[in-house]
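J.: Questions regarding the structure given below will be posed in turn.
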Amino acid sequence: DTAVSQTPKYLVTQMGNDKSIKCEQNLGHDTMYWYKQDSKKFLKIMFSYNNKELIINETVPNRFSPKSPDKAHLNLHINSLELGDSAVYFCASSPPGRVYSSYEQYFGPGTRLTVT
Amino acid sequence: GIQVEQSPPDLILQEGANSTLRCNFSDSVNNLQWFHQNPWGQLINLFYIPSGTKQNGRLSATTVATERYSLLYISSSQTTDSGVYFCAAVNQAGTALIFGKGTTLSVSS
């Protein structure tokens, strides 16, 4: 199926651990994003990559490091996990274009991270 | 950056009722999308609608870009319509979607 996929769907880990969330899209899109949804369901952009280049880093602690090995993948690595990192993380992608942010974004199913 | 405000924050309906959800935004937009987050947490694209009107079954949306608002209409609501409806927008200077706080809809049978 054509889609944005994320793994794992659920992630439970202890404080201080390092973990990664993977995202892949097979839509042929050039731009990929990570959004965070907190416990109050507020969704906020974390990172945006266009053609493997970082476009946005929205005041995210440097414990979070996105990596884009190719245009179809944008992985999120988190070091030294803290309780406040517990949230749902959504990956998204949008089609190529001159003004990429003007195109429709498609979201993955989300990864629920719980830090204990 | 752009501000996105949604109203009402909560809405309770009986099955079969109609409803209108509103999204106000503070700047001209390149992109405006409506999403439904179902009780399982999945974000479902409803409409990509920076301007104009679109319809999809019982749902329709209208964006009046010059007046900086968008409306989502749900007709003959069903229990499966329950969940949180988000509006999100990008302005010309922006590079990612800015989300409103959502409208939580509960439809009872």
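The values are calculated or read from the model by the stated rules, or taken from the named source; none is laboratory data. If you're wondering where the values come from, they're calculated on a predicted model, not measured in any experiment. All Cβ positions, even for glycine, are placed from backbone atoms using ideal geometry, and neighbour counts span all protein chains on display. Accessible surface areas use protein heavy atoms only, side chains included; no ligands, DNA or RNA. Shrake-Rupley method; radii C 1.70, N 1.55, O 1.52, S 1.80 Å.
J.: Output the Cα-based Rg and Dmax of the range B:4-108 in Å, rounding Rg to one decimal and Dmax to a whole number.
T.: 13.0, 41
J.: With solvent modelled as a 1.4 Å probe, how much accessible area in total do chains B and A shield from it at their shared surface, in Å² to the nearest 100?
T.: So the buried area, both faces added, is about 1600 Å².
J.: In a GNM of chain A with a 10 Å cut-off on Cα contacts, which of A:N79, A:N62, A:N26 has the highest mean-square fluctuation?
T.: Highest fluctuation among the options: A:N62.
J.: Here's another thing I want to ask about it. Rounded to the nearest 5, what is the percent of antiparallel bridges among the DSSP beta bridges in the range B:4-108?
T.: That works out to approximately 90 percent antiparallel.
J.: So what is the diffusion coefficient of chain A in µm² per second by Stokes-Einstein at 10 °C and 1.306 mPa s, using a Kirkwood Rh over Cα pairs?
T.: Stokes-Einstein gives a translational diffusion coefficient of 112 µm²/s.
J.: Next question. Which residues of the range B:45-61 end up with at least 20 Å² less accessible area in the presence of all protein chains than when their chain stands alone, using a 1.4 Å probe?
T.: B:N45, B:Y48
J.: Quick one: longest stretch of chain A between exposed loop trypsin sites (Lys or Arg not before Pro), exposed meaning at most 15 other C-beta atoms within 10 Å and loop per DSSP?
T.: A:64-97
J.: Where in the range B:1-42 are there chymotrypsin sites (Phe, Trp or Tyr not before Pro) that are in a DSSP coil and have at most 10 other Cβ atoms within 10 angstrom of their Cβ? Walk me through the intermediate numbers first.
T.: Values: sites: B:F25, B:W34, B:F35, B:W40; in loops: B:W40.
Counting only loop positions with at most 10 other Cβ atoms within 10 Å, the chymotrypsin sites (Phe, Trp or Tyr not before Pro) in the range B:1-42 are B:W40.
J.: In chain A, carbon and sulfur make up what percent of the accessible area (probe 1.4 Å)?
T.: 49
J.: Also, quick follow-up: If I build a Gaussian network model for chain B, linking alpha-carbon pairs within less than 10 angstrom, which residue out of B:N38, B:N56, B:N18 has the largest mean-square fluctuation?
T.: B:N56
J.: Follow-up question, since we're still on this one. Over the range B:4-108, with every protein chain in place, what whole percent of the accessible area is carbon and sulfur at 1.4 Å, could you tell me?
T.: Carbon plus sulfur share of accessible area: 48 percent.
J.: Across bins of 10 angstrom width beginning at 0, how are the C-alpha pair distances of the protein assembly as shown distributed, in whole percent?
T.: 8, 33, 35, 19, 4
J.: Looking only at A:S93, A:S101, A:S39, which one moves most when chain A is put into a Gaussian network model with springs between Cα atoms under 10 Å?
T.: A:S39
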